[in-house]
Amino acid sequence: MLIYCEMYMNIIFIRDVFISKTHHVNCEIQLVKALNMLGHKAKLVGIDDQNKFGEEIILLKCPFGKRRYFLLKLSIFLPVYCVLKKIDAVIVDQHIIPATIFLLIIKKIFSIKVILDVRSIPVEIDLPWDYKLSCKLANKFFDGATFITSGTRSYVENLIQSKFKNSVLFPSAVNPSIFYPSITNNIPSEIKAKAKDRITIFYHGTISPNRGINLIIDAINHIKNIFPNLLFISISDNNKFISDYCESKNYKLNENLLLLDIVQHEKLASYIHLADICIVPLPRIFWWEISSPLKLMEYLAMEKPIILSDIKAHLEVVPRDSDFVNYFNPDDENDLSKKIIDTISNLHFLKNNARNGREIVNKKYTWEIQAKVIADFIKRI
């Protein structure tokens, strides 16, 4: 086991989510694993009825299925657990802040550092009534904060009209041992058969009206006669959005769509392996501009040619002149179809250079790198 520090720390992350139902929590799971590989003792605390995830996870039941009761339960659990287990740092998101009330009273006595972690600003919803208040409380009483991007930090600090005394950035990342380009297992034979000899475009993750999925569907409908063997694979828990959109537009794309339910995180790489081209079509909306898209890191690690909307979040990770990427303007309704045609026409060239995407990941965007950033930050504050 690789030991990064001479003295390990006990660190817990707290999330107000049902672990088995929240797919993006795999980020925290991988981060916890990376911290443990570095010699620390890290755990993730969340909500669920049964632990099927491993020793890194602590699951608490949510009384009556109500968030307020979970926070009340957590407010008692946290100080007791932290004292008994000699916890050095507690890292919470903004939803958990009310549950730290008793922990804050004892944190100086037991040298426990309490840190706010902001992975996203409110997306596709109005600003929750308690969001600003929670961030203000964290700024006043917590020891520091971590943010997914500089834009996210600026948003929160502008919102509360105050800067955090101690803060650090760590973006989305990927485990390159799970996402590697030669993986081919875990896929049912019938799915492999459907993708065989097709030009496959791939997307996975959340689907909603403001994530640009409609741009992909419009583009495929536009070019399906040029490339009859084009296949769009979507792995999501809301593929009904695609079906409903096609029906509303009277698109006849049954032969060009393969819509699959969410798969386990450890199996996802095998499905990405099917792709000729991966795509992240996020529109030019403020909250996406300051985001750090996890799926982009996964596509880079898998050494895939990628089509990206030319928003700041993508350009900060992958330079525009990269020789395995095509950027499109999400404000131009015809640009994505043009860029798909161009990508297919130059597919051999782009595939030959896609290993450069994995090099970007290995230099900046592995969970091991982010774990070192967090560990150094905890020791520094």
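Could you please find all residues in region 260-278 being crowded, with 21+ Cβ neighbours inside 10 Å and in contact with a helix residue (DSSP H, G or I) (Cβ under 6 Å, 6 or more places away or on another chain)?
Ile277, Cys278
Go through region 91-103 and report how many residues are closer than 19 Å to Leu31 by Cβ and open to solvent by 30 Å² or more (accessible area, probe 1.4 Å).
Within region 91-103, residues that are closer than 19 Å to Leu31 by Cβ and open to solvent by 30 Å² or more (accessible area, probe 1.4 Å) number 1.
Looking only at helices (runs of 4 or more DSSP H) that fall completely inside region 286-333, which ones have 1 or more residues that are among the basic types (Lys, Arg)?
Working: elements: 286-289, 294-301, 312-315.
The helices (runs of 4 or more DSSP H) meeting that bar are 294-301, 312-315.
From Asn210, Asn225, Asn185, grab the single residue that is more than 22 Å from Asn326 (Cα to Cα) and assigned to a loop (DSSP other than H, G, I, E, B). Even if it seems obvious, please write down each step before you answer.
Values: Asn210 fails: more than 22 Å from Asn326 (Cα to Cα); Asn225 fails: more than 22 Å from Asn326 (Cα to Cα).
Just a single option satisfies the conditions, and that option is Asn185.
Please list, ordered by first then second residue, the pairs with beta carbon atoms under 8 Å, 6 or more apart or interchain, first in region 341-356 and over 13 Å from Glu303 (Cβ atoms), second open to solvent by 90 Å² or more (accessible area, probe 1.4 Å).
Qualifying pairs under 8 Å: Ile341/Ile226.
Under the condition of being closer than 21 Å to Asn175 by Cα and assigned to a loop (DSSP other than H, G, I, E, B), which residue from region 43-74 is most open to solvent (accessible area, probe 1.4 Å)? Can you show your working first?
Start the filter on region 43-74 by keeping residues that are closer than 21 Å to Asn175 by Cα, which leaves 43-45, 52-57.
Remaining after also requiring assigned to a loop (DSSP other than H, G, I, E, B): 52-56.
Values: Lys52: 162, Phe53: 71, Gly54: 34, Glu55: 146, Glu56: 33 Å².
For region 43-74, the residue satisfying everything is Lys52.
Any residue in region 274-291 that is touching a residue at least 12 places away in the same chain (Cβ under 8 Å) and farther than 10 Å from Asn210 by Cα sitting within a Cβ distance under 9 Å of a residue that is open to solvent by 20 Å² or more (accessible area, probe 1.4 Å) and among the acidic types (Asp, Glu)? List the pairs, counting only those 6 or more apart or interchain.
Here the result reads Trp287/Glu124, each pair linking region 274-291 to a residue that is open to solvent by 20 Å² or more (accessible area, probe 1.4 Å) and among the acidic types (Asp, Glu).
Got a sec? Which of Lys108, Lys136 is open to solvent by 30 Å² or more (accessible area, probe 1.4 Å) and out of contact with any helix residue (DSSP H, G or I) (no Cβ under 6 Å at 6 or more places or on another chain)?
Values: Lys136 fails: out of contact with any helix residue (DSSP H, G or I) (no Cβ under 6 Å at 6 or more places or on another chain).
Answer to the check: Lys108.
Which one of these is aliphatic (A, V, I, L, M), under 20 Å from Pro128 (Cβ atoms) and free of Cβ contacts under 8 Å to residues at least 40 places away in the same chain: Ile97, Ile106, Ile101? Talk me through it step by step, then tell me what you get.
Working: Ile97 fails: free of Cβ contacts under 8 Å to residues at least 40 places away in the same chain; Ile106 fails: under 20 Å from Pro128 (Cβ atoms).
Of the residues listed, the single one that is aliphatic (A, V, I, L, M), under 20 Å from Pro128 (Cβ atoms) and free of Cβ contacts under 8 Å to residues at least 40 places away in the same chain is Ile101.
For region 350-360, what are the residues that are touching a Pro at 6+ places or on another chain (Cβ under 9 Å) and open to solvent by 70 Å² or more (accessible area, probe 1.4 Å)?
Result: Lys351, Arg355.
With respect to Ser345, is the statement that it is surrounded by 16 or more Cβ atoms within 10 Å (Cβ to Cβ), over 23 Å from Tyr155 (Cα atoms) and among the hydroxyl-bearing types (Ser, Thr, Tyr) true? First the steps, then the outcome.
On the way: surrounded by 16 or more Cβ atoms within 10 Å (Cβ to Cβ): no; over 23 Å from Tyr155 (Cα atoms): yes; among the hydroxyl-bearing types (Ser, Thr, Tyr): yes.
Answer is no for this residue.
Can you name every residue in region 319-342 that is touching a helix residue (DSSP H, G or I) at 6+ places or on another chain (Cβ under 8 Å) and open to solvent by 90 Å² or more (accessible area, probe 1.4 Å)?
Glu333
Output yes when any residue across region 30-42 is outside any helix (DSSP H, G or I), open to solvent by less than 40 Å² (accessible area, probe 1.4 Å), farther than 15 Å from Ile87 by Cα and at pLDDT 90 or above, and no when none is. Steps first, answer last, please.
Of all residues in region 30-42, those outside any helix (DSSP H, G or I) come to 38-42.
Restricting the remaining residues to those that are open to solvent by less than 40 Å² (accessible area, probe 1.4 Å) gives 38-40, 42.
Keeping just the survivors that are farther than 15 Å from Ile87 by Cα gives 38.
If we keep only those that are at pLDDT 90 or above as well, we get 38.
Looking through region 30-42, at least one residue is outside any helix (DSSP H, G or I), open to solvent by less than 40 Å² (accessible area, probe 1.4 Å), farther than 15 Å from Ile87 by Cα and at pLDDT 90 or above.
For (1) small (Gly, Ala, Ser); (2) over 24 Å from Pro293 (Cβ atoms), each residue gets a yes or a no:
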site: Ser20; (1), (2): yes, no
site: His24; (1), (2): no, no
site: Gly39; (1), (2): yes, yes
site: Asp48; (1), (2): no, yes
site: Ile58; (1), (2): no, yes
site: Phe70; (1), (2): no, yes
site: Phe77; (1), (2): no, yes
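So, in region 361-381, exactly how many residues are open to solvent by 30 Å² or more (accessible area, probe 1.4 Å) and either basic (Lys, Arg) or part of a helix (DSSP H, G or I) (or both)?
Applying the first criterion (open to solvent by 30 Å² or more (accessible area, probe 1.4 Å)) to region 361-381 yields 362-364, 368-369, 372-373, 376, 379-381.
This time we only want the ones that are either basic (Lys, Arg) or part of a helix (DSSP H, G or I) (or both), so: 362-364, 368-369, 372-373, 376, 379-380.
Selection size over region 361-381: 10.
Quick one: what pairs do we get from region 195-222, first residue within 17 Å of Leu308 (Cβ to Cβ) and open to solvent by 10 Å² or more (accessible area, probe 1.4 Å), second hydroxyl-bearing (Ser, Thr, Tyr) and part of a helix (DSSP H, G or I), C-beta under 7 Å, 6+ apart or different chains?
Asn214/Tyr245
Of all residues in region 140-171, count the ones that are open to solvent by 40 Å² or more (accessible area, probe 1.4 Å) and either out of contact with any Lys or Arg (no Cβ under 6 Å at 6 or more places or on another chain) or polar (S, T, N, Q) (or both). Walk me through how you get there before you give the answer.
Quick first cut of region 140-171, residues open to solvent by 40 Å² or more (accessible area, probe 1.4 Å) only: 140-141, 143, 150, 153-155, 158, 161-163, 165-166, 169.
Pick out the ones that are also either out of contact with any Lys or Arg (no Cβ under 6 Å at 6 or more places or on another chain) or polar (S, T, N, Q) (or both) and you get 140-141, 150, 153-155, 158, 161-163, 165-166, 169.
Adding up the residues that qualify gives 13.
Considering region 75-90 alone, what residues qualify as being surrounded by fewer than 17 Cβ atoms within 10 Å (Cβ to Cβ) and more than 17 Å from Tyr8 (Cβ to Cβ)? Write out each step before concluding.
Here is the first cut: in region 75-90, the residues surrounded by fewer than 17 Cβ atoms within 10 Å (Cβ to Cβ) are 75-76, 80, 83-86.
If the condition is that a residue be surrounded by fewer than 17 Cβ atoms within 10 Å (Cβ to Cβ) and more than 17 Å from Tyr8 (Cβ to Cβ), then Ser75, Ile76, Val80, Val83, Leu84 are the ones that fit.
Quick one: count up the residues across region 188-207 that are closer than 16 Å to Asn326 by Cβ and in contact with a Phe, Trp or Tyr (Cβ under 7 Å, 6 or more places away or on another chain).
Result for region 188-207: 2.
The values are calculated or read from the model by the stated rules, or taken from the named source; none is laboratory data. Here the structure is a predicted model, which is why all the values come from computation and not from measurement. Neighbour counts are summed over all protein chains in view; Cβ atoms, including those assigned to glycine, are modelled from backbone coordinates with ideal geometry. With ligands, DNA and RNA removed, areas are computed over all heavy atoms of the protein, side chains included. Shrake-Rupley method; radii C 1.70, N 1.55, O 1.52, S 1.80 Å.
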